[in-house]
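The values are calculated or read from the model by the stated rules, or taken from the named source; none is laboratory data. Everything numeric in this text was worked out from a predicted model, so none of it was measured. Here the Cβ is made from the backbone with ideal geometry for all residues, glycine too, and neighbour counts use every protein chain on show. Heavy atoms of the whole protein, side chains included, go into the accessibility calculation; ligands, DNA and RNA do not. Shrake-Rupley method; radii C 1.70, N 1.55, O 1.52, S 1.80 Å.
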Amino acid sequence: MAAEKNILVVAEATLGKLPPATYELLTLARRLKATTGGALGVVLLEEGDVDGASALAAYGVDVVYRAKCADFARLTSEARLPIVQAACEQAQPAVVLLPHGVLGAELGPRLAFRLDGGAATGCVDVVAQAGSIHCTRPCYGGLAREEQRFEHGPVVATVRAGLFELAQPQPGSQSSIVELPALDPSELRVALVKRESDAGDGPRLEDAKVIVAGGRGLEGPEGFKVLQDLAAELGAAVGSSRVPCDLGWCPHSWQIGLTGKTVTPDLYIAVGISGAGHHMAGCGNAKTIVAINSDPEAAIFQDARFGVVGDYREVVPALAAQVRKLKQA
Amino acid sequence: MHIAVLIKQVPNPDALAAVMSVDEASLKVVLPPGHPQVVSPFDEQALEAALRLRDQVGAAVKITAVTLGPDSARTALKQALSLGADDAVHIHDAALLDADSHVSAHALAAAIRKLGTIDLVLAGRQAADFDAGVVGLGVAEILGVPSVSFACGIEAVDGGVQVERVLQDGFETVQVPLPALVTISNELGEVRKPNLRETMRAARKPVAAWGAAELGLEASQLQPRSRRTRLFIPQKNTQCEFITGATAFEAGERLAQRLHDARVLG
Ligand SMILES: Cc1cc2nc3c(=O)[nH]c(=O)nc-3n(C[C@H](O)[C@H](O)[C@H](O)COP(=O)(O)OP(=O)(O)OC[C@H]3O[C@@H](n4cnc5c(N)ncnc54)[C@H](O)[C@@H]3O)c2cc1C
């Protein structure tokens, strides 16, 4: 039984840096570990010759399972599966935590079936209680939430971004390092042909403190120019609901929501967005939501702290101009 | 090429917000009578991907639609047949009605094995009810075939398929040999409508009904990994403060001042 108390976090260091998601997962993992009394392990996939393992020691990690690879960034999730599987065979985890991104959403379920365990995707919470693991996750397009109980593990959970504080270093912690066997690329069946980025050079949506997002109410691609002027004043990133992406008004990587990005800015300004559950699933955890919409009955006003009813073509430029004046004052 | 498309029937996910409630005791979603049951939109796109492969490769592509669900799920199969699927399998068994992802994936994988040589399995990236995105990838793992998720384009190439897939910040193209499983995302684009000729033919296309016994499912495969212990609609307690003005322009200016005063402008 003792073996089934351990918690394992899957982390990936590109260019020597761990993403914020790793530190969020460590906060959750430490909370789980405090309940189960097991060990906290991290599977660290490292690109090149950087030393991410020693950085992790300060975060209350007991064991780092490390796999080095020259070019992780160019490999698909298939390449990661045997490595994480090997770590699980050693760590015997009750729970495996991964970030809920494109990689985790594919790796997580496959890993769960490979280990004959259970999978919970897009979780907003994971708790250990009376010998079982409970996962809470949005469903029905973000309108409802379900809680699932897993009696036996391992439970592989992918966790949404921005819900847990970043873990802080703990004095006096130490971890041991276990080297995992290198990956054998000859066994890979999915081969990368090419990769293209459609993200602009502005702030990344995932990291932005302020986001200005537009929806169908922009009524065309020109609407995003109006939003970009406001975003420039606020140092904000620009995002969108699914409709403008589908209509080709903006890059698809701007999509926020259930099937797009999950963002947690301090300020989220939704312009011409009706506030469908599918959209709010990606931005509902923003600290302050502001809605600008011509329809006073729009559902978005139920989620917004501040609202203006009106045509964005008038409201947004006025907002931008006044923000500039306030900054200069 | 023989393609199996996994489809699930779900309550129409558009316009659910206004009508949906939850019975927290029975852990079921409650919908007004007559709320339409539809093929989950991502699964419609998976079928569309199969039809596009047939457009590319020609009549040698056979498409089998497979669903796991109650009696009503037959309508979903009929829709697939009227769009151009050649035949269909309805996995239908009281023992499977409340299947979790583990049991569902084992049932679907067993059906695919029973169908014989399937070259390609297509599924939606997630079902539009529970939004999990687990079953398709589970099927791939059980069958031991490679998987590619979040595809927005697929075409046949020598010995396999070339798949364009959606990343967080862009796209990538990968090649994978067959047999393989690919999950399809909404970026695949518009799906075709049923045409009259196929709809007429659909009535005569075969629909097999298979139960757990016919699929040879073992007790351990029928044992769920998870139980739903709660289903609820989160409460919203935000009060919106409406900022007004003589004109929309003035309201915009006042909004700036209000956000500044509330110290949310940073
Ligand atoms: C399975 C599934 C997954 C989905 N995933 C996502 C997702 O990840 N992200 C997402 O966003 N959506 C997603 N959707 C779609 C979602 O259900 C909604 O259809 C979508 O979010 C609506 O986008 P919208 O608010 O921009 O458009 P609409 O709902 O059409 O709203 C437009 C709004 O603009 C307002 N407006 C119009 N003109 C003006 C004007 N001049 N000035 C100000 N306001 C104006 C209108 O009053 C209206 O409220 C998904 C749907 C499904 C079925």
Worksheet, complete the sentence: With T = 10 °C, eta = 1.306 mPa s and Kirkwood Rh from C-alpha pairs, the Stokes-Einstein D of segment B:156-266 in µm²/s is about 70
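Throw me the Rg/Rh for segment A:172-260, computed over C-alpha atoms with Kirkwood Rh, two decimals.
Values: Rg = 19.6 Å, Rh = 16.1 Å.
That ratio is 1.22, to two decimals.
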Worksheet item: aspartates and glutamates near A:Lys33 by alpha-carbon distance under 13 Å, same-chain residues fewer than 8 away left out - which ones?
Response: A:Glu4, A:Asp62
Worksheet item: Nearest 100 Å², what total accessible surface is buried between chain B and chain A (probe 1.4 Å)?
Response: 6900
Item to complete: Enumerate the calculated ³J(HN,Hα) couplings along segment A:135-143 in order (Karplus 6.51 cos²θ - 1.76 cosθ + 1.60, θ = phi - 60°), each rounded to whole Hz, writing x wherever the residue is Gly or Pro.
Response: 10, 10, 8, x, 8, 6, x, x, 6
Practice prompt. Whole Å is fine, so just give me how far the alpha carbon centre of segment A:243-284 lies from that of segment A:162-214.
Written response: 21
Discussion item. For peptide A:284-292, what's the mean number of Cβ atoms from other chains within 10 Å of each residue's Cβ?
Written reply: 3
Worksheet item: Relative to the first principal axis of the alpha-carbon coordinates of chain A, what is the inclination of helix A:312-328, with its axis defined by its Cα atoms, in degrees from 0 to 90 and to the nearest 10?
Response: 80
Fill in: the protein assembly as shown - Rg over Rh from alpha carbon coordinates, Kirkwood radius
0.97
Worksheet item: When all alpha-carbon pairs of segment B:25-119 are counted, what percent fall beyond 14 Å?
Response: 72
Fill in: Acute angle (nearest 10 degrees) that the helix A:20-36 long axis makes with the longest principal axis of chain A, alpha-carbon atoms
50
Practice prompt. Please list, or write none, the lysines whose alpha carbon is within less than 27 Å of the alpha carbon of A:Lys325, excluding same-chain residues fewer than 8 places away.
Written response: A:Lys209, A:Lys225, A:Lys287
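Can you tell me the convex hull volume per residue for segment B:2-222, based on C-alpha atoms, in Å³ to the nearest whole number?
Values: hull volume 30.3 nm³, N = 221.
Enclosed volume per residue, from the Cα hull, is 137 Å³.
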Discussion item. If amide hydrogens are placed 1.01 Å from N in the peptide plane, which non-local residues have theirs closer than 5 Å to the one on A:Val178?
Written reply: A:Val64, A:Tyr65, A:Arg66
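Tell me what chain A gives for mean residue ellipticity at 222 nm when only DSSP H runs of n ≥ 4 count, each as -39,500 (n - 2.57), the sum divided by the residue total, rounded to 500 deg cm²/dmol. Please report the intermediate quantities before stating the final value.
Working: 8 runs with 92 residues, N = 329.
Value at 222 nm, helices only: -8500 deg cm²/dmol.
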Worksheet item: For B:82-91, what's the mean count of beta carbons from other chains sitting within 10 Å of each residue's beta carbon?
Response: 0
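Assuming R0 = 51 Å, can you tell me the calculated FRET efficiency for the pair A:Ala34 and A:Leu247, based on Cβ-Cβ distance, to the nearest 0.05? Please list the in-between numbers first.
Working: r = 48 Å, r/R0 = 0.94.
With R0 = 51 Å, the Cβ-Cβ based efficiency is 0.60.
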Worksheet, complete the sentence: The helix A:223-234 Cα axis meets the longest alpha-carbon principal axis of chain A at an angle in degrees, between 0 and 90 and rounded to 10, of 70
Fill in: Kyte-Doolittle at least -0.5, axis length at least 15 Å by Cα - qualifying DSSP helices, chain B
B:41-57, B:101-115
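Over all distinct alpha-carbon pairs, what is the Kirkwood Rh of segment A:210-328 in angstrom? It would help to have the intermediate numbers written out before the result.
Working: mean 1/r = 0.0727 Å⁻¹.
For segment A:210-328, inverting the mean 1/r across all distinct Cα pairs yields 13.8 Å.
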Discussion item. Just to check I understand the Karplus step: with θ = phi - 60° and J = 6.51 cos²θ - 1.76 cosθ + 1.60, what whole-Hz values come out for segment B:3-9, glycine and proline as x?
Written reply: 10, 9, 10, 8, 10, 10, 8
Fill in: Karplus-derived 3J(HN,Hα), 6.51/-1.76/1.60, for each residue of segment A:194-210, Hz, glycine and proline x
7, 9, 10, 9, 10, 7, x, 9, x, x, 6, 4, 4, 9, 5, 7, 10
Worksheet entry | Mean Cα-pair separation over length for segment B:44-126, i.e. relative contact order, pairs under 8 Å, 6 or more apart, % | 33
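Evaluate the relative contact order of chain B (contact order divided by residue number), counting alpha-carbon pairs under 8 angstrom at least 6 apart; express in whole percent. Could you put the intermediate results ahead of the total?
Details: 492 pairs, mean separation 63.1, N = 266.
Relative CO of chain B lands at 24 percent.
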Discussion item. Need the full-extension length gain, B:Asp55 to B:Asp261, defined as separation in residues times 0.36 nm minus the C-alpha distance. One decimal, nm.
Written reply: 68.2 nm
Worksheet item: For chain B, what is the calculated [θ] at 222 nm in deg cm²/dmol (nearest 500), taking -39500 (n - 2.57) for each run of four or more DSSP H residues and dividing by its residue count?
Response: -8500 deg cm²/dmol
Discussion item. Please list the three semi-axes, largest first and in whole Å, of the ellipsoid equivalent to segment B:54-184, using sqrt of 5 times the eigenvalues of its alpha carbon gyration tensor.
Written reply: 24, 18, 14
Item to complete: Would you mind computing, in nm to one decimal, how far apart the modelled labels at B:Lys28 and B:Arg192 are, each placed 7 Å from Cα along Cα→Cβ?
Response: 3.8
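Averaged across the residues of B:137-148, what count of C-beta atoms belonging to other chains lies within 10 Å of each residue's C-beta? Don't skip to the answer; put the middle values down first.
Details: counts 12, 6, 2, 4, 9, 2, 0, 1, 1, 7, 9, 6.
Partner Cβ neighbours, averaged per residue: 5.
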Practice prompt. Check cross-link reach from B:Lys28 to the lysines: straight Cα distance under 29 Å, and skip same-chain residues fewer than eight apart.
Written response: A:Lys261, B:Lys8, B:Lys78, B:Lys236
Worksheet item: Based on the Cα atoms of chain A, what semi-axes does the equivalent ellipsoid have, where each is the square root of 5 times one gyration tensor eigenvalue, given in whole Å with the largest first?
Response: 39, 21, 19
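Sequence gap at least 6, Cα distance under 8 Å: using those rules, report the relative contact order of chain A to the nearest whole percent. Walk me through the intermediate numbers first.
Values: 726 pairs, mean separation 47.5, N = 329.
Once normalised by length, the contact order is 14 percent.
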Practice prompt. Along Cα→Cβ, 7 Å out, is where each label goes; now give me the distance between the ones at A:Val193 and A:Gln328 in nm to one decimal.
Written response: 5.3
